[in-house]
1. Rounded to whole Hz and in sequence order, give me ³J(HN,Hα) for the range 53-69 from the Karplus expression 6.51 cos²θ - 1.76 cosθ + 1.60, θ = phi - 60°, writing x for Gly and Pro.
2. State to the nearest 20 debye the size of the charge dipole of the range 141-209 about its Cα centre, where the only charges are +1 on K and R beta carbons and -1 on D and E beta carbons.
3. Give, as a single signed number, the net charge of other residues whose beta carbon lies under 12 Å from the beta carbon of ARG72, with Lys and Arg counted +1 and Asp and Glu -1.
4. Between the range 57-107 and the range 141-209, how far is it from one alpha carbon centroid to the other, in angstrom?
5. Roll a 1.4 Å probe over the protein chains and send me the accessible area per residue for the range 1-132 in Å².
6. Convert each backbone phi in the range 9-22 into a coupling constant with the Karplus relation 6.51 cos²θ - 1.76 cosθ + 1.60 (shift: θ = phi - 60°), then list the ³J(HN,Hα) values in order as whole Hz, x for Gly and Pro.
7. Give me Rg/Rg_expected for the chain, where Rg uses Cα atoms only and Rg_expected = 2.2 N^0.38 Å with N residues.
8. Where nothing but the Cβ of Lys and Arg (+1) and of Asp and Glu (-1) is charged, how large is the charge dipole of the chain around its Cα centre, in debye to the nearest 20?
Amino acid sequence: MHGDPMMWIAGIRALYLQALHPRAVRGVMENSDFRRDAWGRLMRTADFVGTTTYGTAEAAERAGARVRRIHRMLSATDPETGERYGVDAPELLLWVHCAEIDSYLHVLRRSGFPLTDAQADRYIAEHRVSARLVGLDPHAVPASRADLAAYFDEVRPELAAGADARAVDDFLLRPPTHPLLVPAREVLWRRVAQLAYAALPPYAHELYG
């Protein structure tokens, strides 16, 4: 699955979905240089997924330890309450994880990747390992399509398309590029971003408007 080119569309869909959690996206806004180093951030994420997919167990453990070490040092301010919180809070890590796995699975299946329901459940269950690597208790992570659907039903009241989500949307449609490449961005990249956006669940479309 992870060798399929549609994973790039799935990754962008995950970013759109993740941005709808106000605390999760605020953590990115306060601690990330994604506007200046979008490609670098994307490749670091792809490298982590690649390592946990194709690397040795030792390499995956090292990658997970690095992610946990970075997250422990970071915090953000709740946009509504002003409360400071750690970006490694379990509920935030779980949201990011579930948005990713749901996006990978949804986009690949929609694109025609041959996967039975049983294999889809196995895929979700296997990713409890990657969840553990970033600091989650694997027993608290959805292990099937039914578990994942129940999780999204539970978390939906917490989601909103605030200013930070709008900024992510604008960035994904118009990422910074050299002036000479703007026409290509409009013709090629925008279609990629729009396809990823179109793959979002209906409630996400309602929130983004």
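The values are calculated or read from the model by the stated rules, or taken from the named source; none is laboratory data. Values in this document were obtained by computation on a predicted structure and should not be read as measured data. All Cβ positions, even for glycine, are placed from backbone atoms using ideal geometry, and neighbour counts span all protein chains on display. What goes into the accessible areas is simple: the full protein's heavy atoms, side chains included, and nothing from ligands, DNA or RNA. Shrake-Rupley method; radii C 1.70, N 1.55, O 1.52, S 1.80 Å.
1. Whole-Hz 3J(HN,Hα) from phi for the range 53-69: 8, 10, x, 6, 4, 5, 5, 5, 5, 5, 5, x, 4, 5, 4, 4, 5.
2. About 420 debye.
3. Values: positive: ARG66, ARG68, ARG69; negative: ASP88.
In short, +2.
4. If you average the Cα positions of each part, the centres end up 18 Å apart.
5. Working: 7020 Å² over 132 residues.
Per-residue accessible area for the range 1-132 comes out at 53 Å².
6. So the J values, rounded to whole Hz, are 5, 4, x, 5, 4, 4, 4, 4, 5, 4, 5, 7, 9, x.
7. The reported ratio for this selection is 1.00.
8. Working: 25 positive and 27 negative charges, 135 e Å.
The calculated dipole for the chain is roughly 640 debye.
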